[in-house]
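In what follows, a single structure is set out as structure tokens and then discussed.
The values are calculated or read from the model by the stated rules, or taken from the named source; none is laboratory data. Computed from a prediction, not measured in an experiment: that's the story for all the values here. Every residue, glycine among them, receives a Cβ derived from its backbone with ideal geometry; neighbour counts consider all protein chains shown. The protein model used for the area step is the full one, side chains on, heavy atoms only, and it has no ligands, DNA or RNA in it. Shrake-Rupley method; radii C 1.70, N 1.55, O 1.52, S 1.80 Å.
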Amino acid sequence: MAHALPAALSGNSTERLSALFDTHHERLYRLARRLVSNADDARDLVQETFLKAARSLSSVPAGVTSEEAWLVRVLINIRRDEWRKTAVRARHAGEAGGSMRATSDEEAAFVARATVWRALDTLAPRRRAVIVMHELEGLTVPAIASLLGITAVTVRWHLSIGRRDLARILRPHMGETDEDR
């Protein structure tokens with residue numbers, strides 16, 4: 001990991017990176033936790049985000065809002081790359097998702113969470129990020145638009161399409177069929 005950081009961060013750069021971390025790591029962790037299925041992967045995602053910031057500290061814009069937007073975009077892009085790698089590996093391995101049969105409430109809750117995560121994984125990365133930020137993080141449409149650098153109309157479009165896609169994907173798991181609608 002030592003090779004990942006610039007060999008000699010100046011004192012000023014170290015202070016800036018430290019300030020970025022102190023200001024934004026909790027928010028980034030909460031977002032990362034919603035984008036991945038476990039805490040370790042979320043910490044890794046946040047770590048990768050700050051490593052990228054350390055490598056190109058001059059690219060991080062000044063100002064708390066601008067910094068956060070830049071870091072959120074980096075985090076989402078890193079996760080998007082991971083989704084792509086997973087999709088390619090799954091395609092090559094010929095993996096097929098099977099359903100598990102729950103025998104207890106705890107197992108049923110686990111299966112439900114896993115099913116929702118699999119459904120979220122099928123969404124396009126930006127659409128998934130918008131859904132997670134709005135539905136799970138509770139961010140407003142204008143806040144999401146600002147963080148992602150897109151218009152509020154585009155955020156609402158992603159929410160609408162994402163919700164429809166999730167409903168379609170999850171319908172068979174809820175015991176509904178197209179005829180039931």
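Over the range 101-170, the Kirkwood radius and the radius of gyration, each from Cα atoms, give a ratio Rg/Rh of 1.08. Measuring with a 1.4 angstrom probe and ignoring ligands and nucleic acids, Lys52 comes out at about 90 Å² accessible.
Positive-end ranking of Ala54, Ser37, Thr14 along the dipole of the range 4-83, with charges on Cβ about the Cα centre, is headed by Ser37.
Carbon-plus-sulfur accessible fraction, the range 31-89 (probe radius 1.4 Å, protein heavy atoms only): 46%. With R₀ fixed at 22 Å, the C-beta to C-beta distance from Ser66 to Ile161 puts the FRET efficiency at about 0.20.
If R0 is 30 Å, the Cβ-Cβ spacing of Ala109 and Ala152 corresponds to a FRET efficiency of close to 0.30. Of the whole protein surface, Thr86 contributes about 80 Å² of accessible area at a 1.4 Å probe radius. Counting only protein heavy atoms and using a 1.4 Å probe, the accessible area of Ile78 comes to about 20 Å².
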